[in-house]
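Below: the structure, in structure tokens.
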Amino acid sequence: EPRILKAAEEIIHRDVCDVVVLGDKKTIIDITHREGVSLDELVIHDYLAEDRDHIEEYGRILYELRKHKGVTLERARDAVLDPIVYAALMVYKGDADGYVSGATHSTADTLRPVLQLIKTKPEVSLASSVFFMCMPEQVLVYGDCALVAKPTAEELADIAITSADTASFFGLNPVVAMLSYSTGESGFGEDVDKVRKAATLAKERRPDLLIEGPIQYDAATSQEVANIKFKDSKVAGKATVYIFPDLDAGNTAYKAVQRSANVPAIGPVLQGLNKPANDLSRGATVTDIVYTIAITAIQAQQK
């Protein structure tokens, strides 16, 4: 995939991290020549042709991890031939610090081995995702806009806490707004009640965080609106982390802001995993891929 190789060239040129590309070496070299990409420092890992020992080793590891699900040793060996599964096992075993995929694979295919092998941190109940919305004057965090379709109140609380921790790790002060079509005590209904319960759970679990919900987007982002709708809130008008009630709302909102305001949306950044793995949109640009590789490299330093 030429976009991957062009992004790898920029990452290496900027000295962000080391890059290993999985694939057929001759094909990759032919593409670099055709595209004018200089990748003298790139490691091309043609594991199908050059690394049968690792395939056997990884096959046995996968078998041990998945035999309780009925996976046979033969099926495990076959599965390792898939570059996504191979990459996930590299990260699992420590032969790589993180991986990026998705430019030519679906999100489901990219994330399946991540959730099966790398798994989530002990204190996190589920993996989720955020986007870094690079507004002209600040960076906002939107979650979850890519992974968890219909979170329960408990899952929504988990997403809020994990997103706040992600924001903090990347140098942003987390002020968390749990969004709804209602602000404070003004509205009722199943959807609002879910957000209200989630906010309560999140506050109980992490009293050190500033969390408010339910709150409407305008009250969360505008001090003027906050003074009218929620003047006693420490979050209203100051939010930096926006938690949407479900994937439908989150995905629609981030794309609307990205396209209407013409701002970069970096992500989805997967969070809550034991080791970093990130998914690319199949429509990702070279710049998108550079951002994602850089984010993955930063996450790899978290431990």
### Message
Could you give me D for the chain, from Stokes-Einstein at 20 °C and 1.002 mPa s, where the hydrodynamic radius is the Kirkwood radius over C-alpha pairs? Units µm² s⁻¹, please.
### Response
104 µm²/s
### J(HN,Hα) series, region 98-109, from Karplus relation 6.51 cos²θ - 1.76 cosθ + 1.60, nearest Hz, glycine and proline x
x, 9, 10, 8, x, 4, 10, 10, 6, 4, 4, 5
### Task
Rank GLY187, VAL175, ALA219 by how far each Cα sits towards the positive end of the charge dipole of region 171-223 (+1 on Lys, Arg Cβ; -1 on Asp, Glu Cβ) and give me just the farthest.
VAL175
#### Entry: Rh (Kirkwood; distinct C-alpha pairs) - region 160-303, Å
16.3 Å
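Looking at the P(r) of region 1-138, how many percent of alpha-carbon pairs lie beyond 17 Å? Walk me through the intermediate numbers first.
Values: 6274 of 9453 pairs.
Looking at region 1-138, the distances longer than 17 Å represent 66 percent of pairs.
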#### Entry: ³J(HN,Hα) computed for each position of region 278-284 - Karplus, 6.51 cos²θ - 1.76 cosθ + 1.60, integer Hz, glycine/proline x
10, 9, 9, 5, 5, x, 4
### Query
Which of the residue pairs LYS6/LYS255; LYS150/LYS255; LYS203/LYS234; LYS121/LYS275; LYS67/LYS119 have a Cα-Cα distance greater than 20 Å in the structure shown?
LYS6/LYS255
### Task
Tell me the GluC sites (Glu not before Pro) within region 150-187 that lie in a loop according to DSSP and have at most 16 other beta-carbon atoms within 10 Å.
GLU185
### the chain: relative contact order as a whole-number percent, Cα under 8 Å and 6+ apart
22 percent
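List the GluC sites (Glu not before Pro) within region 45-85 that DSSP assigns to loop and that have no more than 10 neighbouring Cβ atoms inside 10 Å.
Details: sites: GLU50, GLU56, GLU57, GLU64, GLU74; in loops: none.
Of the GluC sites (Glu not before Pro), not one in the loops of region 45-85 has a Cβ with at most 10 other Cβ atoms within 10 Å.
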### Query
Hey, any idea what % of the chain's accessible area is carbon plus sulfur with a 1.4 Å probe?
50 percent
### Query
What is the magnitude of the charge dipole of the chain about its Cα centre, with +1 placed on the Cβ of each Lys and Arg, -1 on the Cβ of each Asp and Glu, and no other charges, expressed in debye to the nearest 20?
600 debye
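Helix-derived [θ] at 222 nm for the chain: sum -39500 (n - 2.57) over DSSP H runs of at least 4, divide by residue count, nearest 500?
On the way: 13 runs with 143 residues, N = 303.
Calculated from helices alone, the mean residue ellipticity at 222 nm is -14500 deg cm²/dmol.
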## Note on the structure
Computed over region 199-269, the distribution of all Cα-Cα distances in 5 Å bins, rounded to whole %, is 3, 15, 20, 22, 20, 14, 5, 0
### Query
So how tilted is helix 52-66 from the main axis of the chain? Cα-based, degrees 0 to 90, rounded to 10.
40 degrees
### Task
Can you grab the distance from the C-alpha centre of region 271-295 to the C-alpha centre of region 101-156, Å, no decimals?
11 Å
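The values are calculated or read from the model by the stated rules, or taken from the named source; none is laboratory data. Because the structure is a prediction, the values reported are computed rather than measured. Quick reminder, even Gly has a Cβ in these numbers, built from the backbone with ideal geometry, and neighbours come from all protein chains shown. Just so you know, the surface numbers come from the protein's heavy atoms only, side chains and all, with ligands and any DNA or RNA stripped out. Shrake-Rupley method; radii C 1.70, N 1.55, O 1.52, S 1.80 Å.
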